[in-house]
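Here is the structure we will look at.
The values are calculated or read from the model by the stated rules, or taken from the named source; none is laboratory data. Just so it is clear, the structure is predicted and the values come from calculations on it, not from any experiment. Positions of Cβ are backbone-derived with ideal geometry, glycine not excepted, and every protein chain shown enters the neighbour counts. The area values use the complete protein model at the heavy-atom level, side chains included, leaving out ligands, DNA and RNA. Shrake-Rupley method; radii C 1.70, N 1.55, O 1.52, S 1.80 Å.
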Amino acid sequence: MPNSDTEADILLRGDRAAAVRLASSLVVPSNDNFVERPWGGFRLRELKRARLDGSRSRMRIGECFEIAADDRDAEARLYPSRIRFRDGSVATLPALLDAHAETLLGARFVARHGTHWPLLPKTLDVVELLSVQAHPPGNTEVYVILAAEPGATLRLGFNQDVDAKSFGARVAAGRGDQQRLKELCGGALGDDELQSELKPWLADRAATPAALETRWRPRLGKRWREVASVLRALHSAYWDVLDLMNAIPVAPGQVIYNATPERIATARGIPRSAEIHALGNTQALEIVALEIRKPGTTYRAWDNVRFPLRDVDAAAAIAALNLERTHPDEFVVARTAVPGRPGVAVSVDSAEYRLEHLTPTATASIDVPAAEPHNLHVLAGAVSVYATDGALVGRLASGDSALVPIGVGAYRVVADSEPAEVLKVSVPDGA
């Protein structure tokens, strides 16, 4: 009887020869690891060249998990990367690493990171204001802006010194008012209607409850007077929190490094960590960005009066944050050319990750020396990747990502269509 094992079966059964073959080429996850979000848009399906049928074609896609393989992270566990082989079989990247971590990643890498991938890159399509967030100390983020509508901004870092107790009291009071509004509107306005009505109203800095009175008062009756008072308090809280943060204009090609400014971290002897942030903007101007970060916890400090109510942990967020004043220009980083390596520039070189921008052309390929496993993300154009013996190890186009296993060694990146740009993301030895 013929053997019907698939490529995935053979690998997951522990076949080392198959794993060695896999480790000598790019491991390219399916590029449609999409997550529907209420704040998402419709750009990612085009960027990823994805065909979505039926109800999926109307999904508001907020995120695409590029390389996810760490079951200790709740999101990575829910949306693991999937590898499709030539015979059509599929295996998850966490399962492949469980079976062949040392073959794919190398013993030194596994000794430091275990059988997990230590990065959790995502592509984001943001068309609404996201919640106000923080991350544990030592965890930073990078946003590589792929597309942005003119005038688009994101909120990042406090623009003034902030008192932890006062800020905590402000968001706690706002949360209480939001809960009270839900109680007052019970039976008259559900969560979906509250969200659709309040989103544009809150975003209008000059709005007053009078703009909602014609529609709401007949349904609320005697409750309207208290509702109007709560609405005024919520509108004030919404803008009070936003106005504490820098509004940073964004444009395609920018690299924004969400990390405590060096001057503050050095003076206080603390690790550089993600600052307070809320991606998106009140004008609903779209931003598409590749986010580079480590797996780990996100603390939601304040949800910008979004319904339905979601969990927040303001105390944990505030404890993790730098509360000193920052400046917008401390987050926008320039690319620095690498001496002796034409077409290679570095934007972020931190204790967590190093970002190298490779820009091969039709007449100038780029040689990458052998290194530990890392990510490749194609930001523009299309490229082919060749081993030092000339063997093709993979082809990638704009919107694709790949894990480069230890077995690939040194390689050459050749532009197939221009302009081409590939982001190489690696993890330093000490990370």
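A few points about this structure:
- Shape call, the stretch 44-103: gyration tensor on alpha carbons, a/c limit 1.5: oblate
- Relative contact order of the stretch 246-376, pairs being alpha-carbon contacts under 8 Å that are 6 or more residues apart, as %: 21
- Debye log10 I(q)/I(0) for the stretch 307-431, one point scatterer per Cα, at q = 0.14, 0.20 Å⁻¹: -0.70, -1.12
- Pairs of Cα atoms in the stretch 202-358 fall into 5 Å distance bins, from 0 up to the last occupied one, in shares of 1, 7, 13, 15, 17, 14, 10, 8, 6, 4, 3, 2, 1, 0, 0 percent.
- Reciprocal mean inverse distance between Cα atoms of the stretch 295-380 - Kirkwood radius, Å: 17.3
- Surface composition of the stretch 39-166: carbon and sulfur atoms hold 48% of the protein heavy-atom accessible area at a 1.4 Å probe.
- Cα-based Rg / Dmax (Å) for the stretch 74-193: 21.8, 61
- Prolate/oblate/rounded label for the stretch 62-138 (Cα gyration tensor, a/c 1.5): oblate
- About its Cα centre, the chain has a charge dipole of approximately 860 debye under the convention of +1 per Lys or Arg Cβ and -1 per Asp or Glu Cβ, with nothing else charged.
- Under a model in which nothing but the beta-carbon of Lys, Arg (+1) and Asp, Glu (-1) is charged, the stretch 305-352 shows a dipole of about 220 debye around its Cα centre.
- Semi-axis lengths, largest first, of the ellipsoid equivalent to the chain are 42, 25, 20 Å, with √(5λ) applied to each eigenvalue of the Cα gyration tensor.
- At a probe radius of 1.4 angstrom, the accessible area of the chain per residue rounds to 43 square angstrom.
- Think of it as helices only: each DSSP H run of n ≥ 4 in the chain is worth -39500 (n - 2.57), and spread over all residues that comes to -8500 deg cm²/dmol at 222 nm.
- The stretch 169-208 - percent of accessible surface contributed by carbon and sulfur, probe 1.4 Å: 51
- Spatially proximal lysines relative to Lys48 (Cα-Cα < 19 Å; intrachain offsets below 8 disregarded): Lys122, Lys424
- Sulfur and carbon atoms: percent of accessible area, the stretch 259-399 [1.4 Å]: 54
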